[in-house]
1. Which order, highest average first, do 166-173, 23-30, 271-278 follow once you tally other Cβ atoms within 10 Å for each residue and take the mean per peptide?
2. Which of I29, W68, A45 sits farthest toward the positive end of the charge dipole of segment 17-79, with +1 on the Cβ of Lys and Arg and -1 on the Cβ of Asp and Glu?
3. Would you please state the base-10 log of I(q)/I(0) at q = 0.09, 0.13 1/Å for the chain, with intensities from the Debye formula using one equal scatterer on every alpha carbon?
4. Once the whole set of protein chains is in place, how much accessible area is left on D259, using a 1.4 Å probe, in Å² to the nearest 10?
5. Taking the Cα atoms only, what angle lies between the long axis of helix 264-287 and the longest principal axis of the chain, rounded to 10 degrees?
6. Roughly to the nearest percent, how much of the accessible area of the chain is carbon and sulfur, given a 1.4 Å probe?
7. Which far-off residues, 5 or more places away or on another chain, put their amide H under 5 Å from the one on E64, with H placed in the peptide plane?
8. Angle between the Cα long axis of helix 240-253 and the longest principal axis of the chain, 0 to 90 degrees, nearest 10?
Amino acid sequence: MIPPTFDYAVPKTLSEAITLLGQNPEAKILAGGHSLIPMMRYRLASPALLIDINRLEGLSYIREDGGWLKIGAMTRESELDESELIHKKYPLLADTARMIADPVVRNLATVGGNLAHADPANDHPATMLAYGAQVVAASPKGNRTIPITDFFKGTFETALAHDEVLTEIQIPANKPRTGGCYLKIERKVGDYATAAVAAQVTLDASGKCSYVGIGLTNVGLVPIKATAAEAALHGKAPTDDAIRAAAGLAAAAADPSADPRGSAEYKRSLVKTLTVRALKQAVARAKG
Ligand SMILES: Cc1cc2nc3c(=O)[nH]c(=O)nc-3n(C[C@H](O)[C@H](O)[C@H](O)COP(=O)(O)OP(=O)(O)OC[C@H]3O[C@@H](n4cnc5c(N)ncnc54)[C@H](O)[C@@H]3O)c2cc1C
């Protein structure tokens, strides 16, 4: 289908983009366009103005700084996939980027767009929930930092105000004895998840879990942080029994609907199995 008509602006600076956004209640930011343009073609979105931020400088980077891994919102999935730093120290993120769509999509799709789109089927939200990430939003009032747990308000709905642009994602910098893993079941390569699980674990010197993060993809109306499962493992040794108990709680936190990808029961059982496997792999990576 052909989208309805719209105006198109290519601001040169972030402040110009923010001003344009604030002046136009029907405007939308255009990043990689791989979610927004299909929505427009199906007429699920009809912005009167597209504000293309692809030519803004300084929104694409991956660096460690001040106890955080900082990722510019316009960083492409392929850049994550090609980053030595990500592969060496952030395996959960490396797994996630590699599983998103296909290389053609990954060359344009951005990390910021993946989060701002707030599709519970997108892969980064669960990963960021598992990491305990935060995002930075810029508006005419300045910058504000939003914990990822406060970011997803509903399906395709975030805590971003209309005049805010997501500029940066911040992930706690890798600590010793830390590992993560993202596992996804998809009908065919490049598809959205039938279900997926992100797990992040830090072990203390005695081998007990001092941090556990678990995020679930596409098994609810919003990305889900499996807090009861996290709490069940926290402070404990990650034995098979403890991991299985946590996976049961993660499955209970899932709220899937039946659709062509499978029944609710099937998806819940996938969450249980994937949580066991992702936690085991995260622990193995934490042990090095
Ligand atoms: C064939 C196909 C398969 C796909 N498979 C997967 C998959 O398996 N897993 C997955 O996670 N995703 C998948 N995607 C989605 C892809 O990753 C999207 O491109 C991504 O979710 C959105 O990023 P984008 O940069 O393209 O954002 P856009 O499409 O440009 O924008 C999406 C939304 O976010 C807003 N937005 C974007 N950037 C900002 C910002 N910086 N500040 C404020 N608002 C912003 C836009 O206004 C828009 O509402 C797939 C897409 C396609 C086309």
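The values are calculated or read from the model by the stated rules, or taken from the named source; none is laboratory data. This structure is a prediction, so every number in the text was calculated from the model and none was measured. No Cβ is skipped: glycine too gets one built from the backbone with ideal geometry, and neighbour counts run over all protein chains shown. Just so you know, the surface numbers come from the protein's heavy atoms only, side chains and all, with ligands and any DNA or RNA stripped out. Shrake-Rupley method; radii C 1.70, N 1.55, O 1.52, S 1.80 Å.
1. 271-278, 166-173, 23-30
2. Of the candidates, A45 comes out farthest on the positive side.
3. Listed by q, the Debye log ratios stand at -0.42, -0.86.
4. 60
5. 70
6. Carbon and sulfur atoms account for 53 percent of the accessible area of the chain.
7. Those lying under 5 Å, H to H, from E64 are K70.
8. Here the helix axis deviates by roughly 40 degrees.
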